[in-house]
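The values are calculated or read from the model by the stated rules, or taken from the named source; none is laboratory data. Computed from a predicted structure; not experimentally measured. Glycine also receives a Cβ, built like all others from the backbone with ideal geometry; neighbour counts cover every protein chain displayed.
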Amino acid sequence: MTKRGHMKLGLSMRYLGYHMAAWRHPDVPSDGAIHFDYFLASAQKAEAAKLDMIFFADGIGVRADDNPPGSLCRDMKNAELEPLTLLAAIGARTKHVGLVATASTTYNEPFHVARKYASIDHISGGRAGWNIVTSWSQQEAWNFSRDEHMGYDDRYERAQEFVDVVTGLWDSWEDDAFVRDKESGIFYDPAKLHVLNHRGKHFRVRGPLNSARTPQGRPLLVQAGAAEQGREIAAKHADVVYSSSIDLEAAQKYYADVKGRLGKYGRQRDDLKIMPGLTIYTGATEAEARANFERMQELIHPLTGLAILYNHMGDLSGHDLDGPVPEPNDPRVRSISANLYELARRDKLTIRQLYLRVAAGNAGRTIIGTPEQVVDDMQLWFENGAADGFNICPGTLPQGIDELSEWIVPELRRRGLFREAYEGTTLRQNLGLKPLPNRHAQPSDQVA
């Protein structure tokens, strides 16, 4: 196996951790998700470990029905801080770690998104990133004057145009447009202002954006969709993809497919970093790691388990929990549904066994083992065309970032797989992505 430099690492910080019973852990503050200091402490630990970024997923509603009855009141995913507000505050209290958060293309307007992320990029000195998603839940539709959420194809068509508008607005001003010459009285060079005048099927946006070109040219674009439309958005626009592959072969196929699409958009393979989600349970010995994991699993109530599977697999409450997993029934997130059904078939899991697997990492991939075993697995993926790094989704916070800093990062460094210090001042520089010039600038004017 041949090393390809350093892997990239992000820390996903939503809720209290990615285990569905995280809030019940005796050392986790059950009200932490509504307190700034709780998140700031983990963000600062991520920065001390030299991680590339922190990441906040988001939804704009309580995305759950009470299915099965009695399950919703057991769910911790119902009260949290709005992520852009949170990132702006964290950005003022950190210096290096990247700041990425989700904003929906379904229930936002492009101008809002362009302006907010540009502001965070300025506040943080060039560390902002936008995770592009389409909203899928009925509950979100009800919060935005709709009886039904937008159809699947319509959502992605809108998303494509949405991203085109946002990136166009981010190029409203060239890098050196604002001369601010007090003697002449000229504040900006009018030749370096560009009005978008976008007119499309979903949006009519004149522009320009009332924000200067940001420290890293524009905020990074992050994408998580595994469907065909999502892969095209990723290939055309994204700087980072958070993928959800569970096994190595599927991850390699996804990696090769998305990287293989970059050429038609004039992009190189290194212009996009693919970072699968990963939840880690570790300890000094394998037995200790397993014991830590099992203690968490014991906190999962069966109603919580069935509710976890509901959006991905349909209502399974009428089935034997210790029987086989049926095919998904009208899944709301197709990529996750397909991954889970394939996992159940491959490993011959019962419904109970599947929801226990899912609960451990919120439907993502989970590794249980010593630091050496965990890093063996990460290295295998990194060096064999499955990942450029990982988005770590800790089972609990702050324990997850403590274990990552104390156990996993030192082992990665011992093998020469992770940085000792940040390479630059912006998220783009630390990810090893090349500068992105303004589309309107002449070659001689472009800033390197």
Quiz prompt | Filter result for the condition that a residue is closer than 24 Å to W173 by Cα and out of contact with any Ser or Thr (no Cβ under 6 Å at 6 or more places or on another chain), over V222, V258, V241 | solution = V222
Quiz prompt | Residue in the range 133-143 that is within 18 Å of R14 (Cβ to Cβ), of a type in the set (A, V, I, L, M, F, W, C) and touching a Phe, Trp or Tyr at 6+ places or on another chain (Cβ under 9 Å) present | solution = yes
Practice problem: Within the range 374-431, work out how many residues are among the hydroxyl-bearing types (S, T, Y) and either on the phi > 0 side of the Ramachandran plot or touching a Leu at 6+ places or on another chain (Cβ under 8 Å) (or both). | Solution: 1
Quiz item: If we keep just the residues of the range 176-186 that are without any contact (Cβ under 8 Å) to a residue 40 or more places away in the chain and either under 36 Å from the mean Cα position of the chain (by Cα) or under 21 Å from A114 (Cβ atoms) (or both), which is surrounded by the fewest Cβ atoms within 10 Å (Cβ to Cβ)?
Solution: F178
Exercise. Count, please, the residues in the range 344-383 that happen to be under 16 Å from T279 (Cβ atoms) and acidic (D, E).
Key: 1
Self-check item: Candidate set from the range 1-57 (those that are assigned to a loop (DSSP other than H, G, I, E, B) and basic (K, R)); member that is modelled with the lowest pLDDT
Solution: K3
Quiz item: Just to be sure, is Q139 under 26 Å from P435 (Cα atoms) and out of contact with any strand residue (DSSP E or B) (no Cβ under 9 Å at 6 or more places or on another chain)?
Solution: no
Exercise. Please name all residue pairs, on different chains or six or more residues apart, with Cβ atoms under 6 Å, provided the first residue is in the range 289-305 and is farther than 18 Å from P69 by Cβ and the second residue is surrounded by 14 or more Cβ atoms within 10 Å (Cβ to Cβ) and aromatic (F, W, Y).
Key: A289/Y281; N292/Y281; F293/Y281
Practice problem: Could you check how many residues of the range 246-274 are farther than 24 Å from N430 by Cβ, surrounded by 18 or more Cβ atoms within 10 Å (Cβ to Cβ) and small (G, A, S)? | Solution: 1
Quiz item: Can Y281 be described as touching a helix residue (DSSP H, G or I) at 6+ places or on another chain (Cβ under 7 Å), among the aromatic types (F, W, Y), more than 22 Å from D153 (Cα to Cα) and modelled with pLDDT of 95 or more?
Solution: yes
Practice problem: Hey, can you tell me all the residues within the range 221-238 that are surrounded by 22 or more Cβ atoms within 10 Å (Cβ to Cβ) and either over 19 Å from T102 (Cβ atoms) or at pLDDT 90 or above (or both)? | Solution: L221, V222, Q223, A234, A235, A238
Self-check item: Entirely in the range 303-405, the helices (runs of 4 or more DSSP H) that have 3 or more residues that are more than 18 Å from the chain's Cα centre (by Cα) and buried (at least 23 other Cβ atoms within 10 Å of the Cβ)
Solution: 351-361, 371-383
Quiz item: Taking the range 38-57 as the region of interest, how many residues are touching a strand residue (DSSP E or B) at 6+ places or on another chain (Cβ under 8 Å), surrounded by fewer than 24 Cβ atoms within 10 Å (Cβ to Cβ) and among the charged types (D, E, K, R)?
Solution: 0
Quiz item: Taking the condition within 18 Å of the chain's Cα centre (by Cα), of a type in the set (S, T, Y), closer than 27 Å to Y355 by Cβ and surrounded by 15 or more Cβ atoms within 10 Å (Cβ to Cβ), does T106 pass?
Solution: no
